[in-house]
1. Place a point 7 Å from the Cα of residue 19 along the Cα-to-Cβ direction; which residues of segment 56-100 have their backbone N under 11 Å from it?
2. Give me 93, 6 ranked fewest to most by other Cβ atoms within 10 Å of their Cβ, as a rough exposure proxy.
3. I need the semi-axes of the equivalent ellipsoid of segment 13-75: take the C-alpha gyration tensor, multiply each eigenvalue by 5, square-root it, list largest first in whole angstrom.
4. Taking neighbour counts of Cβ atoms within 10 Å as a proxy for exposure, in what order, fewest first, do 97, 40 appear?
5. Around residue 99, under 12 Å between beta carbons, what's the net of Lys plus Arg minus Asp minus Glu among the other residues?
Amino acid sequence: MTIEQKLPFNMSVSIGYLVSRGLHLPVFVDGSLAPTTAPHTYQVLNSSGSVVDTDVEPWYTAANRINPATGIILVGQSVINSWYNAGVVTFRKPMNHGLELGLSPGLTQAVKTLLTVRCKFIVPDPGTDLGWACR
């Protein structure tokens, strides 16, 4: 939706709002991984290089494969939803000889809802709504 207002001196300004919705976007999980006991710690640094936070996540290696003779076995699900919102202000000034000056600063926000699952082991399971289960 956009609202435009004519200004003096052959100028105009418009204010608009954009929204976009994504449903059932795909995500793929490696179904060939066994539980891991090797965590990896990531450090979050501020602009001066000081540690402000840490995040510990599981660390998988080739030793965690259920069958080392196979590679990645991707289990795909459509479980991600997203919203994109944007506000746009546009200033227009037509000039001589077909030239036009335009300025469009904007403010955007993107929100993604991801199914977050912390499992020791993910196995295919057709009996669940997602087609896989935590073990």
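Read-outs: derived from the displayed coordinates by stated rules, not from any lab. Computed from a predicted structure; not experimentally measured. Counting neighbours? That spans all protein chains shown, and the Cβs are built from the backbone with ideal geometry, glycine included.
1. 84-86
2. Working: 93 15, 6 9.
Ordered from fewest to most neighbouring Cβ atoms within 10 Å, 93, 6 come out as 6, 93.
3. On the way: eigenvalues 252, 133, 12 Å².
Here the semi-axes work out to 35, 26, 8 Å.
4. Numbers: 97 4, 40 11.
Least crowded to most crowded, the residues run 97, 40.
5. Details: positive: 92, 93; negative: 100.
Around residue 99, the surrounding residues sum to +1.
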